Amino acid sequence: MTPLKLTVIGCGYLGAVHAAAMAHLGHHVLGIDTRPEQVEALSQGRAPFYEPGLPELLVTGAQQGDLRFTSTPTPAELAEADVHFIAVGTPQSTTGGEADLSQLWSVVDMLHDALPEGGRSLVVGKSTVPVGTAQQVAERLAGRALVLWNPEFLREGFAVADTLHPDRIVYGVPSDPHDAQEAQAVLDAVYQDLLEEGIPRIVTDYPTAELVKISANAFLATKISFINAMSQVCDAAGANVTALAEAIGMDDRIGRRFLRAGIGFGGGCLPKDIRAFQARAGELGVGDALAFLAEVDRVNDTMRAGVIRTVAE
């Protein structure tokens, strides 16, 4: 494998893991983050959050000289990179359910200013974004870079393994066949070791790639809220929700995973993603298609209140 020069812009949970994993694959990686304290911790091999296996990758990458972090990349460092991964956060807006893309557009503007006219570097989006965003990024960077969307599917506690041994890799490529072929070839070179393992690669258009991630999260949230709704029915009827989940989970069409009744889902992804999905569907004029997600969200909130109520009783 020929090592490539990569940047990973945004070194929170997703970006830090991705940067360390890409260095582990043998590439030369520059992690970029606006928070000096984050950069300092990562540079010293300290993960700012708990993730098994990450500290070891950080230390090894630094010792081998393949992994560096900075909050002040030079124009030359940006211009010389073969591939730029965008891994910034897309939190829920403070004014509504839609996603706040301010960090994303700040990165895109930075790349637009740093990348030379006529350049053919590759910009790879990994952030979870509303459908239609990738095309807007491609238009903004037209003539300076090719854009490909490559969503992540990380599980907390398994993020290193999910990056180095994913169950699938999704490419959202440009509509122009020549650009699509070129972009795919570059990312294939980045993921050469993974592809040689036989990991499935799905190549599709921008909108589908964007929807793969957000719809997967919506489905998981729905499954969690479903079994939690059943737990309320079981409580009222005197039934056992654990036995119920085991029984219905044996149906291959349903499966056992995410059928554990409990306090509901939280974290940095599922709540904000299902709300952003609903908001984007409304903007596209198909809000009714995802109206059920409002009920998924409501059931989730109900479970939290129910636990407090049970403890109080």
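For ILE227, the test of being surrounded by 13 or more Cβ atoms within 10 Å (Cβ to Cβ) and not in a helix (DSSP H, G or I) is failed.
Here segment 255-285 is the region considered, the condition is being of a type in the set (Phe, Trp, Tyr) and at pLDDT below 95, and the residue that is least open to solvent (accessible area, probe 1.4 Å) is PHE265. Residues in segment 136-178 that are closer than 26 Å to GLN278 by Cα, touching a Pro at 6+ places or on another chain (Cβ under 8 Å) and of a type outside the set (A, V, I, L, M, F, W, C): ARG168, GLY172. Of the numbered criteria (1) part of a helix (DSSP H, G or I); (2) modelled with pLDDT of 95 or more; (3) more than 26 Å from MET22 (Cα to Cα), the one GLN232 fails is (2). Taken together, THR2, THR34 contain a single residue that is under 23 Å from GLY268 (Cβ atoms) and either part of a loop (DSSP other than H, G, I, E, B) or out of contact with any Gly (no Cβ under 9 Å at 6 or more places or on another chain) (or both), which is THR34.
Do we find that PHE219 is open to solvent by 20 Å² or more (accessible area, probe 1.4 Å), among the aromatic types (Phe, Trp, Tyr) and in a helix (DSSP H, G or I) in this structure? When the stated conditions are applied, PHE219 passes them.
The helices (runs of 4 or more DSSP H) found entirely in segment 128-209 that carry 2 or more residues being buried (at least 19 other Cβ atoms within 10 Å of the Cβ) are 133-140, 159-164, 177-190.
Exactly one residue out of ASP288, ASP252, ASP297 is open to solvent by less than 90 Å² (accessible area, probe 1.4 Å) and either within 27 Å of PRO130 (Cβ to Cβ) or outside any helix (DSSP H, G or I) (or both), and it is ASP297.
The values are calculated or read from the model by the stated rules, or taken from the named source; none is laboratory data. These numbers come from a predicted model, not from an experiment. Because the Cβ atoms are built from the backbone with ideal geometry, glycine has one as well, and the counts that use them run over all protein chains shown. Protein only, heavy atoms only, side chains kept; ligands, DNA and RNA dropped before computing areas. Shrake-Rupley method; radii C 1.70, N 1.55, O 1.52, S 1.80 Å.
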